[in-house]
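Quick notes on the structure that follows.
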There are 2 protein chains.
Amino acid sequence: MMAPATLSQSRRTRRTPFSPRVEAAGVKSYTVYNHMLLATVFESVEADYTHLKQHVQIWDVGCERQVSIQGPDAARLVQLMTVRDIGGMIEGQCFYAPLVDTDGGMINDPVGLKLADDHYWLSLADSDVLLWARGLATGLGLDVATHEPDVWPLAIQGPKSDDLMAQVFGESVRDIRFFRFERLSFNNHPFVIARSGWSKQGGFEIYVDREDLALELWDALWEAGQPFEIRPGCPNHIERIEGGLLSYGNDMTRAHNPLECGLDRYCHVDRPIEALGRDAVAKVMAEGTRRLVRGLKIDGGPVPPTTDEWSVQVNGKHVGGVTSSAYSPDLASTVAFAMMDKGFWDVGLAVKVVLPDGTMRDGSVSDLPFI
Amino acid sequence: MMAPATLSQSRRTRRTPFSPRVEAAGVKSYTVYNHMLLATVFESVEADYTHLKQHVQIWDVGCERQVSIQGPDAARLVQLMTVRDIGGMIEGQCFYAPLVDTDGGMINDPVGLKLADDHYWLSLADSDVLLWARGLATGLGLDVATHEPDVWPLAIQGPKSDDLMAQVFGESVRDIRFFRFERLSFNNHPFVIARSGWSKQGGFEIYVDREDLALELWDALWEAGQPFEIRPGCPNHIERIEGGLLSYGNDMTRAHNPLECGLDRYCHVDRPIEALGRDAVAKVMAEGTRRLVRGLKIDGGPVPPTTDEWSVQVNGKHVGGVTSSAYSPDLASTVAFAMMDKGFWDVGLAVKVVLPDGTMRDGSVSDLPFI
């Protein structure tokens, strides 16, 4: 067995202002996300998982790049890009927004932030939405400015998040509602702080727009977190599957429409919204989707990483594909996402899963989330 | 000293059809490029470099994703995106094309291939140009189809490339001129083969559009390459700097215009082309550029990887930034690219370079390429 390949580093796979702390904490693995480093493992995926569920972690998610959309046509451009009706959104609100192409394909699934009536941020999954937004704005001649601002989100996640954040930002941080944001000060600078984050353990995302304060903020959170057993962390592969958090590029791509991804409740195609993907999604909705992302439990212990789709079979027939999987210590089972053909969505349905080495595993269909 | 961080693998950082051979060959490091794996080291960067200059290598550059632009408005859309005049391009021609935004910023620097009057491929550097092209086409209502086809380039590079390719594709491959392509058959399938590639050692890029033939083709090239001492390889960090090959994301970004990148000869802004970036680039050309990429030689032996820009100074004043660097065994010097302020472009100008640990190195400005 050869050593696993390392990640070469260069300016193109951009560092964040927090990278020195991530490195000092002994990061063991990275991925690259929006042309930027994203840690994936500190102690081990399993140890990181157990800790996240019990304590509190600080995550460098600077790779959640923002697309800033500002100007008289900002709301129009955001609405063109998403099939979610953004008409009722208020300032201070975060909104999960499937970005959908004219053919219904998923372009990204950011969390939008309404900063002002004429100013939005889209906090991105891994694709260059700035080019999409700017291409549309240029082609349509919209009165809007689009750019990638110098903002690097820092997440505090885990059940002790409120207690930690209150130490640094004051007690009022506890009052921030889920998917709302407030501006709270650290070192006399007001940071946008949202109750959000890519785990199901609760927590906040701090939109750090001052590079010069980044390490000071990290260190203040770190110090205040000592009584709470704070550790450095990152989006956890096991926890996110347990929690039903799909990953753009892994579990959904441009080849999938939002209904296949289980995002029906964000598809307001029955309303008179001017969304590029409205007609395509409405058509799928009328006809019924032919595929749907479902949970799978896979028997027989840990599995290798899902780097290619694994065939899911019933009676020897291909009926779907596993897109992500991880062994869950808490559920004592491998949990997975699979894009399943129509007719094979029932909870408990027995399936076979073909692993990369050709071996077959027994499995069964599950609802999402697993926990 | 901790072990260098590994690269986590998942479906999002896509494999290529050649990945099994790359792994079997013992790849030591990867980067991620267009959401796909790209090897960066096999034996060592230095050993790979020495071999590349003497023999022949096979490179999995499947990450050079294509944007296919096809339809009645295809030529118009390509011309909108680049400031290079594509009017005179003929079928079978490759063309290096700076993609430029309305503000003059570089979006990408692909090699375009004219497949037919109404069909182009853009063979990309690392950004999601499909979203840019499709956003423009959607916004302008162009009659054109854009997509990312299943094409994975495979490069044969090094001085023995012609001899090797002739063994597999026949003697006519030798007649392909630089930056031209032909369709030549392997296993009864015609592959687009261009005399091109991301080294200065000569060679070809095979646009592999048949996943089922990919490993068979690799193996045939590998077997035929034994007398030529073929090895697996990848774009080599030292060789590309010596050769003056800029890397998008490393040495140029959206913050740079093509004149700053030394791409004057591809900027036909004095012609009546309908390019989005024409006015912005014409303005810079009229006023004169304030920055320019230059070579730097840095004394004092090997340097660490350039992961952040290194300040270049003259008399204690910041006059530029190093964006990529490598120690060249053949030149017995560190060679680097630096974006230098106006007034500091003269060959031989003595400068100081500030390394990440704060130490200062002596250096001098050089023309590009170094070799």
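Rule-based calculations on the coordinates, nothing more; no lab input. Bear in mind the structure is a predicted one, so any value in this text is a computation, not a measurement. Neighbour counts run over all protein chains shown; Cβ positions are idealised from the backbone, glycine included.
What dipole magnitude, in Debye to the nearest 20, does chain B give about its Cα centre under +1 on Lys/Arg Cβ and -1 on Asp/Glu Cβ?
Here chain B has a charge dipole of around 580 debye.
How much of the DSSP beta bridge set in chain B is antiparallel, as a percent to the nearest 5?
95 percent
Take B:His147, project a point 7 Å from its Cα along the Cβ direction, then tell me which residues of the stretch A:276-312 have their backbone nitrogen under 19 Å from it.
From the stretch A:276-312, the list is A:277, A:280-281, A:284, A:290-291.
Taking K and R as +1 and D and E as -1, what net charge do the other residues with C-beta under 10 Å from the C-beta of B:Gln201 add up to?
Combined, the nearby Lys, Arg, Asp and Glu give +2.
For chain A, with a Gaussian network of springs between Cα atoms less than 10 Å apart, report the residue from A:Tyr266, A:Tyr120, A:Tyr327 with the top mean-square fluctuation.
Maximum fluctuation in the GNM of chain A, among the listed residues, is at A:Tyr266.
Please identify, among B:Glu23, B:Glu43, B:Glu287, the residue showing maximal mean-square fluctuation in a Gaussian network model of chain B using a 10 angstrom Cα cutoff.
Taking springs between Cα atoms under 10 Å, the residue moving most is B:Glu287.
What FRET efficiency do you get for B:Ile371 and B:Ala116 if R0 is 41 Å and r is their Cβ-Cβ distance, rounded to the nearest 0.05?
That pair, B:Ile371 with B:Ala116, gives E of 0.65.
Express as a percent, rounded to the nearest 5, the fraction of DSSP beta bridges in the protein assembly as shown (both residues included) that run antiparallel.
The antiparallel proportion sits near 90 percent.
Starting from the Cα of A:Ala3, move 7 Å in the Cα-to-Cβ direction to define the label point; list residues of the stretch B:287-312 whose amide nitrogen is under 13 Å from there.
none
Can you tell me the FRET efficiency between A:Ala332 and B:Tyr96 if r is taken as the Cβ-Cβ distance and R0 is 60 Å, rounded to the nearest 0.05?
Calculated transfer efficiency: 0.60.
From the residues B:Cys261, B:Pro304, B:Trp345, which one has its Cα farthest along the dipole of chain B in the positive direction, the dipole being from +1 and -1 charges on Cβ of Lys/Arg and Asp/Glu about the Cα centre?
So the residue furthest toward the plus end is B:Trp345.
Say R0 is 35 Å: what FRET efficiency, to the nearest 0.05, do B:Glu171 and B:Glu211 get from their beta-carbon distance?
The formula returns an efficiency of 0.80 here.
Of the beta bridges DSSP finds with both residues in the stretch B:248-371, what % are antiparallel, to the nearest 5?
Counting DSSP beta bridges with both partners in the stretch B:248-371, the antiparallel share is about 95 percent.
Within 10 Å of each Cβ of A:132-144, how many other protein chain Cβ atoms are there on average?
6
What are the ³J(HN,Hα) values, in whole Hz, obtained from phi via the Karplus relation 6.51 cos²θ - 1.76 cosθ + 1.60 with θ = phi - 60°, for each residue of the stretch B:50-60 in sequence order, with x given for Gly and Pro?
Running phi through 6.51 cos²θ - 1.76 cosθ + 1.60 with θ = phi - 60° gives 4, 5, 4, 7, 10, 10, 8, 10, 10, 10, 7 Hz.
Work out the mean other chain Cβ neighbour count within 10 Å for the residues of A:319-328 and drop it here as an integer.
That works out to 1 on average.
Could you list the residues of the stretch B:322-347 with an amide nitrogen less than 17 Å from a label point located 7 Å from the Cα of B:Asn315 in the Cα-to-C-beta direction?
Within reach of a label on B:Asn315: B:341-346.
When the dipole is taken about the Cα centre of the protein assembly as shown, and only Lys, Arg (+1) and Asp, Glu (-1) are charged at their Cβ, what size is it in debye, to the nearest 20?
The calculated dipole for the protein assembly as shown is roughly 40 debye.
Charges at C-beta only: +1 for Lys and Arg, -1 for Asp and Glu. How large is the resulting dipole of the stretch A:192-272 about its Cα centre, in Debye rounded to 20?
380 debye
222 nm [θ] for chain A, helices only, -39500 (n - 2.57) per DSSP H run of 4+, per residue, to 500?
Result for chain A, helices only: -5500 deg cm²/dmol.
In peptide B:11-17, what is the residue-averaged number of other protein chain Cβ atoms found within 10 Å of each Cβ?
Going residue by residue through B:11-17 and averaging, the value is 6.
Work out from phi, with θ = phi - 60° and the Karplus expression 6.51 cos²θ - 1.76 cosθ + 1.60, the ³J(HN,Hα) of each residue of the stretch B:154-165, listed in order in whole Hz, and give x for Gly and Pro.
Whole-Hz 3J(HN,Hα) from phi for the stretch B:154-165: 10, 9, 10, 9, x, x, 9, 4, 4, 4, 5, 4.
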